[in-house]
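Novice: Below you'll find the structure I mean.
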Amino acid sequence: MSWDKLTDALRECGALSADWEETFRATAREVFTPDRILHDGEWVDRAERPHRWEELVTSDLALVTQVYDGGDTPSSSSSMPTVVAQMLRHLDVAEGMKVLEVGTGTGWTAALLARRVGDANLTTVEVDPHLADQARHRLHTVGLHPAVITGDGTLGHPQGAPFDRVHFTAALQRLPWTIVEQTGPGGIVLAPYGTPFCNGALLRLTVAQDGRSASGPFVEDVSFMWVRDQRPDSGEFDIDDIRRSASATDPADLAGHTHAAFAVGLRLPDLYRQDMWAGYDRPGTGRTEIWDGTSYAHCRYADWDAPHAVSQSGPRSLWDELEAAYRWWHDQGRPGFERLGLTVTPEGHTVWLDHPDNPLPGQG
């Protein structure tokens, strides 16, 4: 597929709005993609496999462009073009607006924004000096010269404030108040948002006219790498004094429903989750594990309502808490993420259902 054909496909499916079409066509992703990319566990080198490299870059795929030293955990990527198009549509930028981008990465989204709002109106911040240097070079290669800053983007860029729009390209568990302070009244902050339990959804906040809060809904189902200083750290725990019981909830109902998992994560933001399979008998040994760094619980998938399907340990009965959060979600009509929202003030975060005046239980 060529870049023009991919752009056509994005327009036809509705991901790419008409006002972004010309900019997308003029800003091919291949110019901003490193010669070596990772997809599906396989590194593809442009010099060795040029056709495969080009096929991946012009496809609607997320591509890993860097991993952390000594491992295979991604530390940077080129986002899925559909997701980039959706995010830019929600950002609602216009020529001349001042925009702060947090997470320059390859520089591709920065190029799209710079062509839309103008070089002088875009500041993009990247925490990784190597990535910042590479992105700056790529942008200069195509005649674009926005301010590319090396630093912690969660601190914003006070020298350029106030901004009309702030665009995060990495997931947050909490939005620093300093970002709201650097966004003008009526300005929009767009950020992937999640919890250790479920990552996550796209948050679109609007800053109040008095500048004392920012509030808005979750608008898309997205999942991004975490902002580096907010990567979940699951901690350690001891499993002792185990309490066994049956479950009233089929763990598969939670694992197979993103909206349920997202809502439960918002209710229990300190809860970690993973699905585990032991041995060769998947149906008999699969289980969902949850923990908070001190307490632990798991529920097996097979015979989940049997007397010993649930094991809990520690000061909290985490499976009971999870079931209560899941029942709340079900009782509210199984809301999708678009019915959930967040308000940020200097005092902290409040998650709500349908309206800011209706905080989730345990908040507000």
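Laboratory data are not the source of any read-out in this text; all were calculated from the coordinates shown. It should be emphasised that the depicted structure is a prediction, and the values quoted were computed from it without experimental measurement. Cβ sites come from the backbone with ideal geometry, for glycine too, and all protein chains shown count toward neighbours.
Novice: With Cβ to Cβ distances under 12 Å as the rule, what net charge do the other residues near Gly336 carry (K, R +1; D, E -1)?
Specialist: Counting the neighbours of Gly336, the net charge comes to -2.
Novice: Among (i) 38, 26, 18; (ii) 41, 20, 18; (iii) 34, 24, 20, which is the computed semi-axes √(5λ) of the Cα gyration tensor in Å?
Specialist: (i)
Novice: Counting Lys +1, Arg +1, Asp -1, Glu -1, what net charge surrounds Thr288 among other residues with beta carbon under 11 Å of its beta carbon?
Specialist: After counting each charged neighbour, the total is -1.
Novice: If you take the square roots of the eigenvalues of the alpha-carbon gyration tensor of the range 1-150 and sort them as a ≥ b ≥ c, do you get rounded (a/c under 1.5), prolate (a/b over b/c) or oblate?
Specialist: The shape class here is oblate.
Novice: Net charge around Glu48, counting only other residues with Cβ within less than 13 Å of its Cβ (Lys, Arg = +1; Asp, Glu = -1)?
Specialist: Local charge sum for Glu48: 0.
Novice: Please check: in the Gaussian network model of the chain (C-alpha springs, under 10 Å), which one of Thr124, Thr141, Thr249 has the largest mean-square fluctuation.
Specialist: Comparing Thr124, Thr141, Thr249 in the GNM, the peak value goes to Thr141.
Novice: While we're on this one: Provide the per-residue ³J(HN,Hα) series for the range 336-342, in order, calculated from phi with Karplus coefficients 6.51, -1.76, 1.60 and θ = phi - 60°, each as a whole number of Hz, with x at glycine and proline positions.
Specialist: For the range 336-342, the Karplus curve yields x, 5, 5, 8, 9, x, 9 Hz.
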